[in-house]
Amino acid sequence: MNVILPDGSSREVAEGASLADVAASIGKRLAKDAIAGKIDGKVVDLSVKVPDGAKVEIILPASDEGRDVIRHSTAHLMAMAVQELFPGTQVTIGPVIENGFFYDFATDRPFSDEDLRAIEQRMDEIVKRDLPVERSEWSRNDAIKEFERMGEKYKVEIISEIPESEVLSVYGQGNWKDLCRGPHVPSTGKLGAFKLLSVAGAYWRGDEKNAMLQRIYGTAWADRKELDEHIKRIEEAKARDHRKLGKELELVMFSHFAPAMPVFLPKGTLIYNALIDFVREYYRRDGYQEVVTPLIWDSELFKISGHYENYKDAMFFSEVDEREYGVKPMNCPGHTQIFAHARRSYRDLPLRIADFARLHRYERSGVTHGLARVRSFAQDDAHLFVAPEQLAQEMEREIKLIEEMYSVFGFENVRVALSTRPEKRLGSDEVWDAAEAALEGALKARGTDYHINPGEGAFYGPKLEFQVTDAIGRPWQLGTVQVDYNLPERFDLNYVGADNAEHRPVMIHRAILGSIERFFGIIVEHFAGAFPLWLAPVQAKVLPVSEKFLEYAHRVAAELGQRGLRVVADESNEKLGAKIRQAQLEKVPLMLIVGEKEVESGTVSLRKRGVGDVGAVSIDQLAIDAGDLIRRRSLTL
């Protein structure tokens, strides 16, 4: 029989040949390296028989599919090691996640760091055993009986929910087995480049009413080089963690009296306000009108908008005068009221409304994370009310604005996704067709590359999602642009057209930085706390060589402060070397050293963060140069 290879060529193989046989027919090296394969686009085990005329592809470790197979198989490897070391431990689920995997275990004792090291050692032993990984098919009843015999009550619960007619696949290696769809590597000897990272608690099926399990996280890669590079990235990410730097640099804090609601300290507030001022500069240029809106609204507003039905579980509520009020999770319902309060003409459009009001969303305590996922935040939120014929032009302008603003932070590699209609949504298919076509048309008009996220749109409209890559290569989803025909319909919004008839506007929901809190955390990590001059909370620090030059240091700080710089003088009794080290720890961009020579010449000795000593410079010239860097929002000193 014949099979079709990725290059389109045909290859003759024996009747009943497996993917492993196909790999062997191509070459010994390929057969040795292969870990899985594809038949007509579906990833399967190498042992699967290939039908005549099928399109086949051999999967190698250093491919996306290959790494997924390796991580899935390494999760099984870890579970086997755990149950060998800790008899009586039950396995639950063990999926692949980004760059790794986890497995949840039911055990009477928490796993320690010493346990993780022991589990890794046992995993290495199992790899050396080179056990074949074999797939078998069981009926549901047989699977329930076997896993009950094994004492695996969680597996029995999973199996019991599977239709009785469905045939189940079970993978085994040695005397260990688990219910799994696969695919997996052909033997444990194909694994080895792995590391266990951490252990955490996790509720069974994510429900706080269920038992607490132990979740072990790990990572696995094609080879040791890939693993070492990933571990290096992890260590770099730890050093940049905004929770760590936010505390060390005195930017932000949290209180147990307001869980997941950040408190910005004076230095952090300077950066926070600088970000808002940055956005406002573009608002002024592009004709946005900023508004201030209530934080709580009568729940009837959210019932009309659809948030009550679709978003209620993520909202906070209160009752006043026997009426229910909701703390707003987003600004759009309130902005419809601004549009509706006056009679609108086509001459008023596009109407661009911006709002920095506080928003509150109930996030479960298990998913909150520093500034990345909080319960209280503000957005650079805007809503545009446009005539249908203005939609394409406004969309193109918004996309251009997003790209322009991201470049200021050094985010040049911007990826765009078009998230389409979810299953649970408002409005007709015709309305969604028009909204999705408008977003896709705007991208094509600009020649912007994009990919589709099926079913990931908001309940009221599809959206564009903008993803940036930070300084160490991590992706972050930031801005969104959404086209919405539904809220104008639900709130009966109208404007008078040139034909003197009433028309329905289209609503564009738009955020560029997104949550200011989350963006703050992202740029802390992107810049590793070493902010560019325009964002730095302390832009310059004057370091007197000794106490007798402290008066001059204060004069320098005052003069530069009057010129618009954020400057402080170091008043400590430490030696100059210690003062420089402290300023470096604080990641101050400009260090101004003053001693007898500087007092006599009316200068400072300039030292730049990351550059070193620059030499003597006059106070006037320093103010001019620093002011220029700040105005240009330069990323370098």
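The values are calculated or read from the model by the stated rules, or taken from the named source; none is laboratory data. Here the structure is a predicted model, which means the values were calculated and not measured. For neighbour counting, all protein chains shown are included, and Cβ atoms are generated from backbone atoms with ideal geometry for every residue, glycine included. Only protein heavy atoms, including side chains, enter the accessible area calculation; ligands, DNA and RNA are left aside. Shrake-Rupley method; radii C 1.70, N 1.55, O 1.52, S 1.80 Å.
Going through (1) among the hydrophobic types (A, V, I, L, M, F, W, C); (2) farther than 30 Å from residue 325 by Cα; (3) in a helix (DSSP H, G or I) one by one, residue 302 falls short only on (2). Under the condition of being under 20 Å from residue 134 (Cβ atoms) and aliphatic (A, V, I, L, M), the residues counted in the stretch 59-96 number 10.
Among residues of the stretch 513-533 being out of contact with any Leu (no Cβ under 7 Å at 6 or more places or on another chain) and of a type outside the set (Asp, Glu), the one that is farthest from residue 250 (Cα to Cα) is 515.
Note on the stretch 121-160: residues that are out of contact with any Leu (no Cβ under 9 Å at 6 or more places or on another chain), among the hydrophobic types (A, V, I, L, M, F, W, C) and more than 19 Å from residue 83 (Cα to Cα) total 1. Within the stretch 126-142, none of the residues are open to solvent by 60 Å² or more (accessible area, probe 1.4 Å), under 35 Å from the mean Cα position of the chain (by Cα) and farther than 21 Å from residue 211 by Cβ.
Here is a yes/no grid of residues against (1) at pLDDT 95 or above; (2) surrounded by fewer than 22 Cβ atoms within 10 Å (Cβ to Cβ); (3) of a type in the set (Ser, Thr, Tyr); (4) in contact with a Gly (Cβ under 6 Å, 6 or more places away or on another chain):
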| residue | (1), (2), (3), (4) |
| --- | --- |
| 440 | no, yes, no, no |
| 464 | no, no, no, no |
| 474 | no, yes, no, no |
| 480 | no, yes, yes, no |
| 501 | yes, yes, no, no |
| 505 | yes, no, no, no |
| 510 | no, no, no, no |
| 513 | yes, no, no, no |
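Applying the set (1) more than 24 Å from the chain's Cα centre (by Cα); (2) open to solvent by 10 Å² or more (accessible area, probe 1.4 Å) to residue 361 leaves exactly one unmet item: (1).
Does residue 604 count as closer than 30 Å to residue 479 by Cβ, of a type in the set (Val, Ile, Thr) and in contact (Cβ under 8 Å) with a residue 60 or more places away in the chain? Answer is no for this residue. With respect to residue 536, determine if the residue is of a type in the set (Gly, Ala, Ser), over 16 Å from residue 331 (Cα atoms), at pLDDT 95 or above and open to solvent by 10 Å² or more (accessible area, probe 1.4 Å). For residue 536, the condition - of a type in the set (Gly, Ala, Ser), over 16 Å from residue 331 (Cα atoms), at pLDDT 95 or above and open to solvent by 10 Å² or more (accessible area, probe 1.4 Å) - is not met.
Let's see how each residue does on (1) over 17 Å from the mean Cα position of the chain (by Cα); (2) surrounded by fewer than 16 Cβ atoms within 10 Å (Cβ to Cβ):
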site: 357; (1), (2): yes, no
site: 377; (1), (2): no, no
site: 386; (1), (2): yes, no
site: 400; (1), (2): yes, yes
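Checked across the stretch 484-491, the condition of being open to solvent by less than 50 Å² (accessible area, probe 1.4 Å) and more than 30 Å from residue 341 (Cα to Cα) holds for no residue.
Checking each residue in the stretch 334-370 for being β-branched (Val, Ile, Thr) and more than 30 Å from residue 389 (Cβ to Cβ) picks out 367, 368.
Would you call residue 351 open to solvent by 10 Å² or more (accessible area, probe 1.4 Å), closer than 19 Å to residue 512 by Cα and of a type outside the set (Asp, Glu)? Taking the combined requirement at face value, the residue satisfies it.
Of all the residues in the stretch 61-73, those that are open to solvent by 50 Å² or more (accessible area, probe 1.4 Å) and in contact (Cβ under 8 Å) with a residue 60 or more places away in the chain number 1.
Can you find a residue in the stretch 88-100 that is out of contact with any Lys or Arg (no Cβ under 7 Å at 6 or more places or on another chain) and charged (D, E, K, R)? Yes.
The conditions of being open to solvent by less than 60 Å² (accessible area, probe 1.4 Å), touching a Cys at 6+ places or on another chain (Cβ under 9 Å) and of a type in the set (S, T, N, Q) are not met by residue 299.
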